[in-house]
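Just below is one structure, and these are the notes that go with it.
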Amino acid sequence: MVYNQSFNELNALIECSNLYYQRGWMYATSGNLSIREASSNEIIITASGKNKGELAASDFLIVNMKTGKPSVPSNNKPSAESAIHLAIYQAFPSAGAVIHVHTPESAALSYDMRGTEPCRTIPLPNLEMLKAFGNFAENPELSFLSLYNYGDVGKIANCFSKHSHRSEVPFFLIEHHGLTVWGKNVAEANKNIEAAQHILQVMHLKSHYRK
């Protein structure tokens, strides 16, 4: 079951998922995607264990934002990282879509940075791509959040909720794990994930060359 007003956004999300799979950002069953249902206190999120290159509408679940549980009985289970999606929607009411991918650069960059703090702010290089986030300053001084990869996903979600006010760009990194972005809709989230991926790739290359 998918609400009629979310049908187009869900189709766009499925197209993005297929694209990310082809790019190697969502191999196997990794990654997860969601949209906020505009007319209710619910989100539509990928079910756990689904191949992201073969998603269909039936591979998504409607989850109540307050309880974190499916609104409609299903044999499928919501993504294990539903708590992170819910934390983003609660922290940023304007967010309408959340995408989490496992790009090689986002995982490798964690080793480049080598930190142990639960939440760190990492300075962003002064790249032209920052304009994708709406910042047109000549020398922007921005940073992004890097969260420790707790085995308990709920701890990651709580860590983000606690530090979300420090987020200066619409993405964050889970160390040794992957990249998570959000946007007002699927189109904006897709733009943000492409921009963030480019920036992380440049940062990883820069760190590699320094060695």
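The values are calculated or read from the model by the stated rules, or taken from the named source; none is laboratory data. On a predicted model such as this, the values are computed, not experimentally measured, just so you know. Note that we place each Cβ from the backbone using ideal geometry, even for glycine, and neighbour counts take in every protein chain shown. Note: areas computed on protein heavy atoms with side chains; ligands, DNA, RNA excluded. Shrake-Rupley method; radii C 1.70, N 1.55, O 1.52, S 1.80 Å.
Tell me yes or no: at least one residue of the stretch 115-132 is of a type in the set (D, E, K, R) and in contact with a Leu (Cβ under 9 Å, 6 or more places away or on another chain). Yes: one or more hits.
Each row is one residue, and each column tells you yes or no for (1) touching an Asp or Glu at 6+ places or on another chain (Cβ under 9 Å); (2) open to solvent by less than 30 Å² (accessible area, probe 1.4 Å).
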{"site": "Ala157", "(1), (2)": "yes, yes"}
{"site": "Phe171", "(1), (2)": "no, yes"}
{"site": "Gly178", "(1), (2)": "no, yes"}
{"site": "Lys184", "(1), (2)": "no, no"}
{"site": "Glu188", "(1), (2)": "no, no"}
{"site": "Lys191", "(1), (2)": "no, no"}
{"site": "His204", "(1), (2)": "yes, no"}
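Would you confirm whether any residue within the stretch 16-29 is closer than 24 Å to Asn158 by Cβ, open to solvent by 20 Å² or more (accessible area, probe 1.4 Å) and within 18 Å of the chain's Cα centre (by Cα)?
no
I'm told Thr46 meets every condition in (1) closer than 19 Å to Ala187 by Cβ; (2) open to solvent by 10 Å² or more (accessible area, probe 1.4 Å) except one. Can you identify the failing condition by its number? The single condition Thr46 does not satisfy is (2). On the stretch given as the stretch 161-188, residues that are closer than 27 Å to Leu10 by Cα and in contact with a Cys (Cβ under 8 Å, 6 or more places away or on another chain) total 1.
Hey, among the residues in the stretch 133-155 that are open to solvent by less than 40 Å² (accessible area, probe 1.4 Å), of a type outside the set (Ser, Thr, Tyr) and touching an Asp or Glu at 6+ places or on another chain (Cβ under 8 Å), which one's nearest to Ala108 (Cα to Cα)?
We begin by selecting, within the stretch 133-155, every residue open to solvent by less than 40 Å² (accessible area, probe 1.4 Å); these are 140, 142-147, 153-154.
Those still in the list that are of a type outside the set (Ser, Thr, Tyr) too: 140, 142, 144-145, 147, 153-154.
The next check asks that each one be touching an Asp or Glu at 6+ places or on another chain (Cβ under 8 Å); those that pass are 142, 144, 147, 153.
Values: Leu142: 21, Phe144: 16, Leu147: 14, Val153: 20 Å.
Within the stretch 133-155, the match that is nearest to Ala108 (Cα to Cα) is Leu147.
Ala196 fulfils the conditions (1) open to solvent by less than 10 Å² (accessible area, probe 1.4 Å); (2) in contact with a helix residue (DSSP H, G or I) (Cβ under 8 Å, 6 or more places away or on another chain) except for a single criterion, (2).
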